[in-house]
Amino acid sequence: MDYKEKVTQSAQYLRPYFEAPPHIALLTGTGLGETADFLEIKNSMDYGQIPHFPISTVESHTGKLLAGRLNQHSILAMQGRFHLYEGYSPYDVAFPIRVMQQLGVKVLILTNASGGLASEFQPGDIMIITDHINLTGENPLAGPNVDEWGDRFPDMSQAYDKKLSSLAENAALVEKIPIRKGIYAGLKGPSLETPAEVRYLQAIGARAVGFSTVTEVIAAVHASMRVLGLSVVTNVHTPDTPLPASVEEIIQTARLTAPKLEKVIARVIASLDAS
């Protein structure tokens with residue numbers, strides 16, 4: 001069975017769980033699964049129940065897919081994602097995006113935990129991703145193109161939707177939540193960055209770094225989805241005086257920030273009513 005057939009079977013399995021086609025999807029990152037709590041949940045299932053779906057192996061990635069609603073919107077939410085460092089291929093990491101595409105998703109909101117690269121950042125800051133740098137060495141579009149899914153050479157000049165970013169900025173302003181903006185660098189992981197690597201990332205203009213997001217965003221742009229990326233800065237890199245970062249501290253910071261992130265996302269989705 002080829003990749004396209006697997007995507008089709010997964011989408012066919014999920015379709016009956018939604019009261020209406022989900023036009024909005026939420027994909028949460030490390031320690032941020034709780035950011036789907038604002039939804040009215042209609043159905044919930046483990047990833048393992050879904051035909052051909054990958055399984056989350058990372059701590060704090062719950063591994064549940066939710067069919068929910070907010071106002072009149074039908075929403076698909078994923079609590080946990082897949083990473084290249086888990087041994088998954090770019091096609092595996094992008095698999096949920098292809099399933100979303102088959103289900104009718106038009107807007108994708110992604111969250112992640114990241115290391116801050118700007119000196120003014122503080123743990124717990126939320127950064128709107130304005131662009132990304134793919135340093136994974138991988139691309140989910142390599143190989144034969146499925147023409148009905150998207151163009152062979154999709155334009156990435158506006159990968160992150162400016163209108164959605166503006167809505168997020170306004171939502172944070174209303175909620176009195178400080179917001180940052182900047183470029184996200186995606187690495188393969190799982191080893192954290194050396195001081196030399198941090199200096200390199202700062203030099204090329206990145207303001208946050210992590211091990212996710214870029215693969216999914218490339219597939220989403222190929223699928224003509226509008227994308228909003230929100231990154232929670234869980235630790236800040238200081239290459240001249242480097243301090244060890246523990247996974248436990250990263251997860252804890254992300255979880256403490258999740259309620260603020262939830263408020264921003266809920267307002268963005270509500271704003272889509274009139275956008």
Quiz item: Out of all the residues in the stretch 1-26, which are in contact with a Leu (Cβ under 7 Å, 6 or more places away or on another chain) and among the charged types (D, E, K, R)?
Solution: R15
Quiz item: Among the residues of the stretch 254-275 satisfying the criterion of being surrounded by fewer than 20 Cβ atoms within 10 Å (Cβ to Cβ) and of a type in the set (S, T, N, Q), which is modelled with the lowest pLDDT?
Solution: S275
Exercise. Consider V264 carefully, then state whether it is closer than 23 Å to F82 by Cβ and β-branched (V, I, T).
Key: no
Quiz prompt | Within the stretch 1-37, tally of residues that are buried (at least 17 other Cβ atoms within 10 Å of the Cβ), of a type in the set (A, V, I, L, M, F, W, C) and in contact with a strand residue (DSSP E or B) (Cβ under 7 Å, 6 or more places away or on another chain) | solution = 7
Quiz item: Mind checking whether some residue in the stretch 234-246 is assigned to a helix (DSSP H, G or I), in contact (Cβ under 8 Å) with a residue 40 or more places away in the chain and among the hydroxyl-bearing types (S, T, Y)?
Solution: no
Quiz item: Counting residues that are at pLDDT 95 or above, within 21 Å of G186 (Cβ to Cβ) and of a type in the set (A, V, I, L, M, F, W, C), which strands (runs of 3 or more DSSP E) fully inside the stretch 64-150 reach at least 2?
Solution: 107-116, 126-134
Practice problem: Could you tell me whether the stretch 176-185 includes any residue that is outside any strand (DSSP E or B), touching a Lys or Arg at 6+ places or on another chain (Cβ under 9 Å) and among the charged types (D, E, K, R)? | Solution: no
Quiz item: Quick one: would you say S191 is part of a loop (DSSP other than H, G, I, E, B), of a type in the set (G, A, S) and without any contact (Cβ under 8 Å) to a residue 24 or more places away in the chain?
Solution: yes
Quiz prompt | Residue in the stretch 77-90 that is under 30 Å from Q202 (Cβ atoms), of a type in the set (F, W, Y) and crowded, with 24+ Cβ neighbours inside 10 Å present | solution = yes
Quiz item: In the stretch 136-159, what residues are within 26 Å of L32 (Cβ to Cβ) and touching a residue at least 60 places away in the same chain (Cβ under 8 Å)?
Solution: T136, E138, N139, P140, M156, A159
Practice problem: Would you check which residues across the stretch 5-55 are of a type in the set (D, E, K, R), over 20 Å from the mean Cα position of the chain (by Cα) and either modelled with pLDDT under 95 or in a strand (DSSP E or B) (or both) and list them? | Solution: E19, E40, K42
Self-check item: Scope the stretch 96-134; condition touching a Gly at 6+ places or on another chain (Cβ under 6 Å) and of a type in the set (A, V, I, L, M); matching residues
Solution: L110, A113, M127, I129
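The values are calculated or read from the model by the stated rules, or taken from the named source; none is laboratory data. Just so it is clear, the structure is predicted and the values come from calculations on it, not from any experiment. So basically every Cβ, Gly included, is an ideal-geometry build from the backbone, and we count neighbours across all protein chains shown.
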